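Notes follow the structure.
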Amino acid sequence: QEELASWENLMDLMQPLADTVEAMPTAALRTDVGVALTTAPFLPKLLQSSGGNPLNNLQLTKPFQSLLNRAGIQKQSFTQRWLDVLCFCLSGLPASGTITAEMAMMMGEFYEPNAIMDCP
C-alpha cells in the first residue's frame, strides 16, 4: 500500500515535468544568441506546462533521486531498485547520478497508456 502511494506521488510529480520536457524540443536549444529565435515559438507551451511557474522547471536539472525522495520512495524498496535500473539503462548511472530531465522524458513516454517496451 505504502509503495503504491509513493509511486502515485512520483507520477504526480513527474507529469508536469514530462509535459515541460515535451514542450521544448532539444533541437531548439543552442548556446548562442539565436536561442531566442529558436525557442520563442515554444515558450507559451513551456510556461503552461510548468503550471505558470517557470521555477518549477529547475527540478529538471537536479538528480532524479531528489524527486524520488520527495515522492517518499524508500531507499531499499522494489520501486527504488526498479527506477535505478531504468536510470542505468538510460544514462549508465543510478537515480542519484541521472538528471531528472532524462527521466521525465523517458517516463512521460514509457508509462503512457498502451506504451510498449521494445528490447534489442
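Only residues that are more than 17 Å from Met105 (Cα to Cα) and under 14 Å from the mean Cα position of the chain (by Cα) were counted across segment 8-39, and they come to 1. Identify, please: which residue in segment 35-56 is among the β-branched types (Val, Ile, Thr) and surrounded by 14 or more Cβ atoms within 10 Å (Cβ to Cβ) and is, among those, modelled with the highest pLDDT? Among residues in segment 35-56 that are among the β-branched types (Val, Ile, Thr) and surrounded by 14 or more Cβ atoms within 10 Å (Cβ to Cβ), the one modelled with the highest pLDDT is Thr38. Scanning segment 90-111 for residues that are charged (D, E, K, R) and open to solvent by less than 100 Å² (accessible area, probe 1.4 Å) gives a single hit, Glu102. Beta carbons closer than 6 Å, at least 6 apart along the sequence or on distinct chains, pair a first residue in segment 98-120 that is part of a loop (DSSP other than H, G, I, E, B) with a second that is surrounded by 16 or more Cβ atoms within 10 Å (Cβ to Cβ) for Thr98/Phe64; Thr98/Cys87; Thr98/Ser91. Among the residues making up segment 42-86, those that are outside any helix (DSSP H, G or I) and either within 16 Å of Glu2 (Cβ to Cβ) or of a type in the set (Ser, Thr, Tyr) (or both) are Ser50, Gly72, Ile73, Gln74, Lys75, Gln76, Ser77.
Residues of segment 13-34 that are open to solvent by less than 50 Å² (accessible area, probe 1.4 Å), assigned to a helix (DSSP H, G or I) and more than 13 Å from Thr100 (Cα to Cα): Ala23, Ala28.
The values are calculated or read from the model by the stated rules, or taken from the named source; none is laboratory data. Here the structure is a predicted model, which is why all the values come from computation and not from measurement. Note that we place each Cβ from the backbone using ideal geometry, even for glycine, and neighbour counts take in every protein chain shown. For accessibility, only protein heavy atoms count, side chains too; no ligands or nucleic acids. Shrake-Rupley method; radii C 1.70, N 1.55, O 1.52, S 1.80 Å.
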